[in-house]
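I have placed the structure first, in the form of structure tokens, so that the comments after it can refer back to it.
The values are calculated or read from the model by the stated rules, or taken from the named source; none is laboratory data. On a predicted model such as this, the values are computed, not experimentally measured, just so you know. Heads up, the Cβs are rebuilt from the backbone with ideal geometry, glycines too, and the neighbour counts pull from every protein chain shown. For the accessible areas, the whole protein counts, side chains as well, though only heavy atoms, and no ligand, DNA or RNA atoms are used. Shrake-Rupley method; radii C 1.70, N 1.55, O 1.52, S 1.80 Å.
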Amino acid sequence: MENFLSRYRNLSVLLLLVVAQLLLLAYQVKARDDVPLIRVWAVTAVTPLARGIEGLRSGTGGFLQGYVFLKDVQSENQRLKHELGDLRLRNRFLASELASADRAKALAEFRSRTPSKLLAARVIGTGTGANSRVVFVDRGTTDGVKKGMATIAPDGIVGKVVAAYPTASLVQLITEQGSAAGVVSQKHQVRGTLKGVGLNTCIVEYVQNEDKLEPGEWFYTSGADRVFPRGMPVGQVKMVREGRGGKEVVVAPSGVQAGLEEMLIVLDGVHQLLPAPETPAATDVNILAAPPAESQQPASSESGEGAAVTDADRLKDRYQRVVSGQGVQLGVKGAIADFNRAPAPVQVQSAQPPAGGSPRPPESPKPADPAKKNGEATKQ
Amino acid sequence: MSELNDKLLGVLPGKSKISRFRPVAYIVPPLLAILFQIYVPRFASYLSYLELPLLVTVYFALMRRQPVAGAVIGCLIGLAQDALSQHPLGMQGIVKTLVGYFAASISMRFDVENVALRFILSFFFFVFHQLFLWVQGRGLHGMSMDLQAPQTIIFAFLNAVVAAPLFLVLDRLKSEEL
């Protein structure tokens with residue numbers, strides 16, 4: 001045995017290392033548990049360095065850049081160029097200050113109007129591995145961050161926490177291969193699973209060819225994955241076409257943009273309603289004018305001539321004209337008005353008779369229509 | 001032609017030397033390579049294709065010319081990378097162990113001071129690294145990983161381009177040659 005090991009020393013060491021790591025892998029897969037000690041050591045060792053570099057960059061980067069720039073201007077000894085450079089520098093500085101203030105303001109505003117309990121975090125590094133889409137943020141278990149928590153930005157979802165350490169956490173972006181989230185479309189309520197493919201875009205799987213989906217339509221989280229609260233914006237459909245097993249949908253995630261510097265960790269998620277889609281007004285729909293105001297309504301029958309609006313008002317008006325035409329006073333003992341006679345027109349009553357002429361006798365009443373009469377009687 | 005073969009195979013006297021480094025040289029470059037991978041892609045996302053820890057592993061394995069040393073260096077750098085990633089511990093570790101072992105084994109037969117050979121080996125080991133990661137991810141962990149062949153080949157080429165000057169810089173860390 002000893003002879004064998006000494007003869008195949010290199011191969012034995014290789015096998016030993018590989019088998020040891022395979023056992024380590026097997027333990028993690030079978031126990032579904034991590035080996036936190038090694039990771040905690042590594043992250044704790046690297047995080048202060050990353051924080052230091054970040055602090056150094058943000059604190060002195062602008063100053064150094066400005067100093068070098070000003071030195072160049074002085075060497076050229078041109079006053080106008082100097083002023084221009086100074087103004088440009090100040091403009092850049094103010095623009096960056098404004099941008100960071102805007103970001104902070106947007107985050108604060110978003111936090112205030114979102115019912116979920118959120119924690120602001122800053123990106124301090126990216127994960128290892130070529131083309132990796134995981135980032136380290138400066139919040140850890142001491143701030144209440146736990147593995148599996150969702151991370152969002154005002155523009156949309158960002159990813160989820162895949163590992164939480166005391167001083168930092170590892171966030172897997174939604175664009176990373178293997179990441180997933182339950183989503184639902186805003187307009188047609190099409191459900192699916194958003195998956196990262198290692199590119200800047202994501203795909204939505206499990207959408208049937210029969211489902212209706214349009215380019216530009218927004219996807220929101222459905223809450224079905226129990227990671228992201230319902231109602232968070234995800235992104236817009238960039239491309240959709242029919243495929244073999246279902247629709248092929250490509251979504252441009254709105255929360256994961258280049259230069260992601262801050263995000264919000266959802267400590268306690270609250271589901272929200274999906275916002276109503278903004279549909280353009282249809283051109284073939286007639287929209288009626290608003291009804292008239294109360295003051296413009298026709299006056300009641302009591303207000304006088306021409307104010308009758310119902311059959312009862314018109315009948316009352318007719319009887320009053322009959323009575324006044326016959327010179328009878330209602331409610332007084334004596335002559336009784338003949339309601340079978342036609343009422344005198346208003347203008348005839350008010351007009352003066354021509355001089356020297358006898359007044360025109362009232363027209364003989366026409367026989368009343370039985371049906372009409374019955375109707376009037378019924379109304380009366 | 002035979003002269004070129006002789007040069008590449010390192011049969012000329014004085015070419016098959018084992019390089020030795022100070023202990024700090026085994027710590028600082030891998031640490032810087034890992035820090036680079038953690039920090040720089042934040043501001044220059046196009047640099048995320050650079051697999052500097054792999055290049056450092058290949059370099060030390062090639063220069064040490066001892067498979068055991070190469071495997072151990074690869075194992076440690078890979079485990080450190082795993083600890084700072086979302087993958088289980090051992091994924092990068094196993095791959096880099098194999099890379100270190102094979103790079104050191106190859107270095108015993110070739111003149112690894114040759115820039116062209118370094119370029120070719122860097123290219124080859126990047127492809128091997130990505131391929132083995134993909135096999136391991138799908139086979140052992142059931143991950144839904146896609147191997148994008150054209151992208152991998154382009155990245156391998158770019159890494160090899162970076163490897164040539166990087167190895168020249170790392171050559172300055174050598175303390176002695178045996």
Legend entry - Cβ-Cβ under 8 Å pairs, at least 6 apart or on other chains, segment A:14-27 side facing another protein chain (nearest Cβ under 9 Å), far side of a type in the set (S, T, N, Q): A:LEU14/B:THR97; A:LEU17/B:THR97; A:VAL18/B:THR97; A:GLN21/B:THR97
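A quick yes/no check of all residues on (1) aliphatic (A, V, I, L, M); (2) modelled with pLDDT under 90:
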position	(1), (2)
B:ILE73	yes, no
B:HIS87	no, yes
B:PHE110	no, yes
B:PHE124	no, no
Inset, instruction - Give the residues of segment B:130-148 that are over 13 Å from B:ILE94 (Cα atoms) and either open to solvent by less than 50 Å² (accessible area, probe 1.4 Å) or not in a helix (DSSP H, G or I) (or both), sorted by residue number. - result: B:HIS141, B:GLY142, B:MET143, B:SER144, B:MET145, B:ASP146, B:LEU147, B:GLN148
Legend entry - Matching strands (runs of 3 or more DSSP E) fully within segment A:198-260 where at least 2 residues are open to solvent by 30 Å² or more (accessible area, probe 1.4 Å): A:202-205, A:233-241, A:248-253
Inset, instruction - Check whether at least one residue in segment B:81-103 is over 27 Å from B:VAL24 (Cβ atoms) and among the acidic types (Asp, Glu), and report yes or no. - result: no
Inset, instruction - Could you please give the count of residues in segment B:102-118 that are part of a helix (DSSP H, G or I), buried (at least 17 other Cβ atoms within 10 Å of the Cβ) and either away from chain A (no Cβ under 14 Å) or touching a Leu at 6+ places or on another chain (Cβ under 6 Å) (or both)? - result: 4
Legend entry - Top-ranked residue in segment A:81-139 [being modelled with pLDDT under 70 and under 26 Å from B:PRO53 (Cβ atoms); ranked as surrounded by the fewest Cβ atoms within 10 Å (Cβ to Cβ)]: A:ASN131
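Considering B:TYR39, B:TYR46, which residue is free of Cβ contacts under 8 Å to residues at least 24 places away in the same chain, open to solvent by 40 Å² or more (accessible area, probe 1.4 Å) and over 20 Å from A:LEU15 (Cβ atoms)?
On the way: B:TYR39 fails: open to solvent by 40 Å² or more (accessible area, probe 1.4 Å).
Within the list B:TYR39, B:TYR46, the selection yields B:TYR46.
Quick one: which of A:ALA120, A:ALA108 is under 22 Å from the mean Cα position of the chain (by Cα), without any contact (Cβ under 8 Å) to a residue 40 or more places away in the chain and over 22 Å from B:MET91 (Cα atoms)? Please lay out each step first, then the result.
Values: A:ALA120 fails: without any contact (Cβ under 8 Å) to a residue 40 or more places away in the chain.
Answer to the selection: A:ALA108.
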Legend entry - All positions within segment A:180-197 that are open to solvent by 10 Å² or more (accessible area, probe 1.4 Å) and polar (S, T, N, Q): A:GLN186, A:GLN189, A:THR193
Legend entry - Hits in segment A:35-61 - residues which are open to solvent by less than 50 Å² (accessible area, probe 1.4 Å) and either modelled with pLDDT under 75 or among the acidic types (Asp, Glu) (or both): A:VAL35, A:GLU54, A:GLY61
